[in-house]
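Laboratory data are not the source of any read-out in this text; all were calculated from the coordinates shown. If you're wondering where the values come from, they're calculated on a predicted model, not measured in any experiment. Cβ atoms come from the backbone with ideal geometry, glycine included; neighbour counts cover every protein chain shown.
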Amino acid sequence: MRGKDESGAGRSIGAAERILRALAAEFPRLHDRQSFLDSVGLRAQYDKEDGGGLSDNERQAAARALTRLISDGAVAETLWPSGDSDKVQLPEQGMIAVSVNLGSLREERLAWEVERKGAEPSQERIVSEIVDRSRVWIEQNMDGGKLPLLLVNASIIHGSNAFDILISAQYRNPYNLLRYTREVVQVVAHIAGTHTMLVAQSYGFPDFAAGR
């Protein structure tokens with residue numbers, strides 16, 4: 001039964017946990033508050049798998065629990081442009097795999113250790129520089145007065161022999177992504193190489209239309 005925690009000797013599941021489980025079940029669908037309260041995943045947490053909706057009391061309780069989770073920061077509401085919108089027009093998604101010259105980065109760090117002036121040489125600093133350069137590049141390279149590209153994520157990756165940093169972006173056309181890679185990413189110190197990949201199909205963030 002959905003209302004009981006199977007691992008907890010029949011304990012009732014709290015409203016917050018129901019919401020978290022429903023959010024997990026709804027992947028790759030992304031919701032606002034109202035669409036989530038109407039979602040199949042949330043109805044299932046209240047044993048409404050026969051297609052019936054939540055009762056007024058259940059819906060109010062779920063709405064209050066969701067509001068509390070958002071207020072205390074446990075669940076985040078995020079403003080993000082929908083790339084497929086006519087007003088945004090950033091329908092394509094791509095990734096840039098970045099390899100770092102760890103040898104030259106280590107040499108700079110050893111020199112920095114002597115006086116410790118300026119920012120510490122690190123992969124974190126490389127990502128910060130890429131992000132800072134990205135803001136300037138985007139502002140200076142509008143595409144017909146519109147954003148040419150929007151960064152989605154920049155991550156430092158451990159456990160890969162192929163790359164050290166992975167950057168995700170939404171863009172209008174592949175030329176913008178290739179120019180961005182060449183003019184922003186590749187010019188940062190200690191970048192050994194880049195590999196640009198185009199996303200054929202995305203599930204979940206930032207594809208807000210998926211599964212709706």
Only Lys, Arg, Asp and Glu count, each charged at its Cβ (+1, +1, -1, -1), so figure out the dipole size of the range 15-71 about its Cα centre, rounded to 20 debye.
-> 220 debye
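Hey, how much of the P(r) for the chain falls beyond 31 Å, as a percent of Cα pairs? Before the final figure, lay out each step's value.
Numbers: 9365 of 22366 pairs.
Pairs farther apart than 31 Å: 42 percent.
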Stokes-Einstein D in µm²/s, Kirkwood radius over Cα pairs - the range 92-198 at 37 °C with 0.692 mPa s viscosity = 226 µm²/s
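Mind checking the dipole of the chain: about its Cα centre, +1 per Lys or Arg Cβ, -1 per Asp or Glu Cβ, Debye to the nearest 20?
Taking the Cα centre of the chain as origin, the dipole is about 180 debye.
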Mind checking which of 54, 162, 73 is farthest towards the positive end of the chain's charge dipole, using Cβ charges of +1 (Lys, Arg) and -1 (Asp, Glu) about the Cα centre?
-> 54
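Evaluate E = 1/(1 + (r/R0)^6) for residue 32 and residue 141, where r is the Cβ-Cβ distance and R0 equals 25 Å; express this FRET efficiency to the nearest 0.05.
0.20
What dipole magnitude, in Debye to the nearest 20, does the range 92-198 give about its Cα centre under +1 on Lys/Arg Cβ and -1 on Asp/Glu Cβ?
Numbers: 11 positive and 13 negative charges, 43 e Å.
With Lys and Arg at +1 and Asp and Glu at -1, about 200 debye.
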Straight-line reach check, residue 146, cutoff 17 Å on alpha carbons, 8 or more apart in-chain or any other chain, hits among aspartates and glutamates -> 84, 86, 92
Debye log10 I(q)/I(0) for the range 15-71, one point scatterer per Cα, at q = 0.12, 0.30 Å⁻¹ = -0.22, -1.48
Taking Cα centroids, how far is the range 155-176 from the range 83-138 in Å?
-> 11 Å
Rounded to the nearest 0.05, what FRET efficiency do residue 67 and residue 203 give with R0 = 30 Å and r taken as the Cβ-Cβ distance? Could you check?
-> 0.60
If you take all C-alpha pairs in the range 148-196, what percent of them are over 16 Å apart?
-> 42 percent
Please name whichever of 114, 95, 198 sits farthest to the positive end of the charge dipole of the range 92-198, dipole taken about the Cα centre and charges placed at Cβ: Lys and Arg +1, Asp and Glu -1.
-> 198
Cβ-derived FRET efficiency at R0 30 Å, residue 117 paired with residue 186, nearest 0.05 | 0.65
Per residue of the range 38-46, in order, report the coupling 6.51 cos²θ - 1.76 cosθ + 1.60 (Karplus, θ = phi - 60°) as ³J(HN,Hα) in whole Hz, putting x for Gly and Pro.
-> 9, 6, 4, x, 6, 4, 5, 5, 10
